[in-house]
Amino acid sequence: MTKARRKVTTSRLQEMKEQDEKIACLTAYDYLMASVLDEAGVDVILVGDSAGTVFAGYDTTIPMTMTQMLYHAAVVSRATERALVVGDLPFMSYQASVEEALRNAGAFIKEALTEAVKLEGGEPICSTVRRIVDAGIPVIGHLGLTPQSIHKFGTYRTRGTSDDEANRILKDAAALQDAGIFSLVLEKIPQDLAKEVTESLHIPTIGIGAGPHCDGQILVSHDMLGLYNKFRPRFVRRYAELGSAMGEAFEAYCLDVKGGRFPGPDESY
Ligand code: KIV
């Protein structure tokens, strides 16, 4: 196996942090996107509950269910050979009880064949994290802006901008690491705070809107491909404008059909 195709595992991600090698992560919810990401060399594919907004058209990630997430995750796992596939535990799949959290985390691993799970929150969910990790399931934490708590905060503003919030994030990060997470997503926090968290942990941090000092970066693929326009956070770099390219192709098709130019002789039998 060549180095580029070496399977990404949780220990490989740890090695990457130790060797100062940045970790590239993106999201996928379907077979095609996952195959292209895997082939392109993305290290971690997150089957994010962002599927709720960019795939399913909800206003938030909150309505996503375990059944929907397991379907997306199974499809992505089937498409992926090299990247580490992570299932995102949706809202209320891990908050009600440790037992329910453990079963739902287990379902990602056993039914959808993901290799890890992710959940949002700090100290209050550490006992849940510990239990899932003890069962042999690798866990990624998620601090800063936690979209599943949007109704509690009422805003998607940057988190960790006050001393109190910054200290809370630092404490939560340490507690999650003690509870056994192997990596931590930091969403929409000031870059200096992300740097401090990254330097304080021995596990890799993955930033989204958290500046350049994290050990890796993640974006929602639909955002960076220009497929989703409802929100356009400043932290998203658009690497393509596939939404407009698709629109142009669909319009050209409609014009050709209506103008009798499709199908032509070469496309007919
Ligand atoms: O659901 C998701 O895609 C995420 C990433 C934005 C980190 O949680």
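The values are calculated or read from the model by the stated rules, or taken from the named source; none is laboratory data. Computed from a prediction, not measured in an experiment: that's the story for all the values here. Methodologically, a virtual Cβ is constructed for each residue, glycine included, from the backbone with ideal geometry; neighbour enumeration extends over all protein chains shown. We work out accessible area using only protein heavy atoms, side chains counted, and drop any ligands, DNA or RNA first. Shrake-Rupley method; radii C 1.70, N 1.55, O 1.52, S 1.80 Å.
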| said: Looking at GLY52, GLY121, GLY144 in this structure, which one is within 13 Å of the ligand (Cβ to nearest atom) and farther than 22 Å from PHE182 by Cβ? | reply: GLY52
| note | Among the residues of the range 219-243, the number that are under 12 Å from ILE208 (Cβ atoms) and among the aliphatic types (A, V, I, L, M) is 4
| query | Looking only at residues in the range 6-32 that are part of a strand (DSSP E or B) and touching a helix residue (DSSP H, G or I) at 6+ places or on another chain (Cβ under 7 Å), which one is surrounded by the most Cβ atoms within 10 Å (Cβ to Cβ)? | reply | THR27
| task | Looking only at the range 54-90, count how many residues are open to solvent by 20 Å² or more (accessible area, probe 1.4 Å), in contact (Cβ under 8 Å) with a residue 40 or more places away in the chain, outside any helix (DSSP H, G or I) and touching a Gly at 6+ places or on another chain (Cβ under 9 Å). | result | 3
| request: Report, by residue number, each residue of the range 66-83 that is away from the ligand (no atom under 14 Å from the Cβ) and out of contact with any Lys or Arg (no Cβ under 8 Å at 6 or more places or on another chain). | output: MET66, THR67, LEU70, TYR71, ALA74, VAL75, SER77, ARG78, ALA79, THR80, ALA83
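Tell me the residue from SER35, SER97, SER93 that is in the same structural domain as GLU187 (by TED's automatic domain parsing), surrounded by 21 or more Cβ atoms within 10 Å (Cβ to Cβ) and either within 16 Å of the ligand (Cβ to nearest atom) or at pLDDT 95 or above (or both), please.
When all the criteria are applied, what remains is SER93.
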